[in-house]
Amino acid sequence: VSYQDGSGNTRVDIIYRDRAFGLLKINQESVSANTSMETHIQSEIDQNLRFRPGYVYNNIEPFSGGNLRGKLFEFDFTAAGQPKKGRNYYLTTSNQTLWVLRFTGNRKIFAPLRHESDAIARSFKLNQ
């Protein structure tokens, strides 16, 4: 699904059947040269994610095995009264560019599909 966000940027969401089952958003983010990936992730948690209803921190772990290396952050939350799982992959291409793959979905359906989201993140490539 393609759409324009509030700032006029074109966004593309990849949806499995229905947003409730699974949603993938891919964003390119710039960070300053002196900001570590861990600091960026913690800032996102502190400024956004921890304010979601029912937010529960799961873990942050190193992620590799594909074209890019980075960190995986997992968390649980509630949306519209439904339990959800979030899985964010922060992949680095340079010291100032992060690609973030944000997976969210129904906890019962999405939680056991860790190997699926890992495979998608490992196969992520930039066309240059």
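The values are calculated or read from the model by the stated rules, or taken from the named source; none is laboratory data. Here the structure is a predicted model, which is why all the values come from computation and not from measurement. So basically every Cβ, Gly included, is an ideal-geometry build from the backbone, and we count neighbours across all protein chains shown. What goes into the accessible areas is simple: the full protein's heavy atoms, side chains included, and nothing from ligands, DNA or RNA. Shrake-Rupley method; radii C 1.70, N 1.55, O 1.52, S 1.80 Å.
Can we say residue 78 is outside any strand (DSSP E or B) and β-branched (Val, Ile, Thr)? I'd like the intermediate steps shown before the answer.
Details: outside any strand (DSSP E or B): no; β-branched (Val, Ile, Thr): yes.
When the stated conditions are applied, residue 78 does not pass them.
Looking only at residues that are of a type in the set (Gly, Ala, Ser) and on the phi < 0 side of the Ramachandran plot in region 71-95, which one is modelled with the highest pLDDT? So, considering only residues that are of a type in the set (Gly, Ala, Ser) and on the phi < 0 side of the Ramachandran plot, the one modelled with the highest pLDDT is 86. Answer with yes or no whether residue 58 is open to solvent by 50 Å² or more (accessible area, probe 1.4 Å), over 27 Å from residue 4 (Cβ atoms), out of contact with any strand residue (DSSP E or B) (no Cβ under 8 Å at 6 or more places or on another chain) and not in a helix (DSSP H, G or I). It is false that residue 58 is open to solvent by 50 Å² or more (accessible area, probe 1.4 Å), over 27 Å from residue 4 (Cβ atoms), out of contact with any strand residue (DSSP E or B) (no Cβ under 8 Å at 6 or more places or on another chain) and not in a helix (DSSP H, G or I).
When you go through (1) open to solvent by less than 40 Å² (accessible area, probe 1.4 Å); (2) part of a helix (DSSP H, G or I) one by one for residue 43, which number turns out not to apply? Answer for residue 43: the failing condition is (1). Selection over region 19-35 of residues that are closer than 28 Å to residue 111 by Cα, part of a loop (DSSP other than H, G, I, E, B) and open to solvent by less than 80 Å² (accessible area, probe 1.4 Å) gives a count of 2.
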